[in-house]
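Nothing in this text is a laboratory measurement; each read-out follows from the coordinates by a stated rule. What you are looking at is a predicted structure, and each value in this text was computed from that prediction instead of being measured. Cβ: placed from backbone, ideal geometry, glycine included. Neighbour counts: every protein chain shown.
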Amino acid sequence: MKVLYLYMFPLWGNGSGAWLRRLTRHLTDNFPDYEAAIVAPEKRMLKYAKIFRLEPPLMGIFVGHPELLGVKKYSKFSNQEMIEIFNYYLLQTSRAIEKFKPDLIHAFHTAFLPQVARIMANFYKIPFIITTHGSDLYYLKEDSRWRLSVRDSSLRAKWITANSNFTRQWYLQMFGRDLSKKTRTIPAGVNNMIDFGKNVSWIDKKYHFKYDHMVLFTGRLTQHKGVEYLIKAARQIKAEIVILGDGPERKYLESLINKYKLTNVHMLGYFSQKLGEIDDFYLRSDIYVAPSVWNEPLGLVILEAMVHKTPVIVTRKGGVSTIVKDDMNGFLVRPKSASIIAQKVNQLLKDDKLRYKMGENAYRTVSERFNWGKIAGKFYRLYQRSMNNKRPPRAPTYVLAAIKKIKKINQSL
């Protein structure tokens, strides 16, 4: 089984890229007949997938990307620029297919990728599936130029997957309820093999932390992420507030820190997941805060915090409510409320037993529902069904009735 993935961004720096890397690794480890290749603007090597490296004539983003600072949003592309990058993807995907000879194409985002997959499927007679991550739907809401193409491609795709029930419902609302039978929710997974005894004291030494407790945020620094409300809450919190990430909001957030004269807030920039240092920050932190002001489709970083036994405080918006249960493995708070964030953080910092209990529940939630064994298996079976979508013919009713009667007779003997 050879699967060719189409992707629009570097494979490090955002949740969907991390997901794609891990998906190919776990499928390779668990299914001997599986082989992966990825068409993407990525220069680094992957052990578990062949990379067909792209150098697009221009790069774009949906919301933001720490490795693509200053890059224009796709919604701001002119029609000619859109056609140029679309044609580039068509040609490069065709070359990848000629070399790799895949059995299946997986468009790992929407925008123009489903249309590329559809055209390639038509030329090369290869089935394709589509995955939506939610951020692409925000883009399509902002820029409607690809919406009819995505609808057309969705009708011809074998399957469509969404990273949460929230994203699935949004996709169906946007492209048609008639797609519901072929649309499945398959969330991202996380690695639950965590070394909880690891010494991470280097963090305190390197950054000269004074407080015993630490509150963490990781992610893109965009307006949607609401990091300003965590910074405003920091005025009432006696703990180190660590912000990992980069993006267009960074200068504004730094100005807030200076305005409030905060010495306990540390903006440490973007850490590549390849270095493994982000895991150390998850281990070191006592609480993770995700103060998003938009409907977060899933929130892979929230899952990563939870698998490190870190209780989370997240905004009650989007798909996160399927992960976080209020008062059980974290707290759900209303958006744009620095005072409530501060209140919940302080409640957890003052109560060691509650913090421990929520951390254990967080780990259990992720280990049971978001482990890679289940998720890789779901995609593998979906791939199999995509390549052989014909179901065996159902036996006539009278034949089924006769079989049932024979079973009853045998049971009575």
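Overview of results
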quantity	calculated
Prolate/oblate/rounded call for region 160-240, Cα gyration tensor, a/c under 1.5 rounded	oblate
Among [x] 34, 25, 21; [y] 39, 28, 20; [z] 46, 23, 20, the entry that matches semi-axes √(5λ) of the Cα gyration tensor in Å as calculated here	[y]
Debye intensity ratio in log₁₀ form over the Cα atoms of region 89-151, taken at each q of 0.16, 0.20, 0.30 Å⁻¹	-0.51, -0.74, -1.29
Candidates per trypsin sites (Lys or Arg not before Pro) in region 114-179, loop by DSSP, up to 11 other Cβ within 10 Å	Lys125
Pairs from Lys210/Lys232; Lys76/Lys259; Lys50/Lys182; Lys210/Lys309 whose Cα-Cα separation, in the structure shown, is over 30 Å	Lys76/Lys259
FRET E, pair Glu142, Tyr252, Förster distance 22 Å, beta-carbon r, rounded to 0.05	0.55
P(r), alpha carbons of region 285-373 - 10 Å bins starting at zero, rounded %	19, 54, 24, 2
Computed Kirkwood radius, in angstrom, where 1/r is averaged over Cα pairs of region 1-95	14.2
All aspartates and glutamates inside 18 Å of Lys251 as judged from Cα atoms, apart from same-chain residues fewer than 8 positions distant	Glu67, Glu228
Around Lys225: net Lys/Arg minus Asp/Glu count, Cβ-Cβ under 11 Å	-2
Separation of the Arg385 and Val200 label points, Cα + 7 Å toward Cβ, nm	3.8
Whole-Å distance, taken between Cα centres, linking region 224-286 and region 1-73	27
Gain on full stretching of the segment that runs from Arg95 to Lys72 - 0.36 nm per residue minus C-alpha separation	5.6 nm
Which listed pairs, of Lys238/Lys261; Lys198/Lys350; Lys73/Lys317, have C-alpha distances above 22 Å, in listed order	Lys198/Lys350; Lys73/Lys317
Kyte-Doolittle at least 1.6, axis length at least 24 Å by Cα - qualifying DSSP helices, the chain	none
Expected 222 nm ellipticity per residue - DSSP helices of 4 or more, -39500 (n - 2.57), all of the chain, to 500	-13500 deg cm²/dmol
For region 202-369, alpha-carbon Rg and Dmax in angstrom	14.4, 44
Rounded if a/c under 1.5, otherwise prolate or oblate - region 92-249, Cα gyration tensor axes	prolate
Neighbourhood net charge (12 Å Cβ-Cβ; Lys/Arg +1, Asp/Glu -1) for Phe62	+2
Net lengthening on full extension, Arg156/Tyr356 (0.36 nm per residue, minus Cα-Cα)	67.2 nm
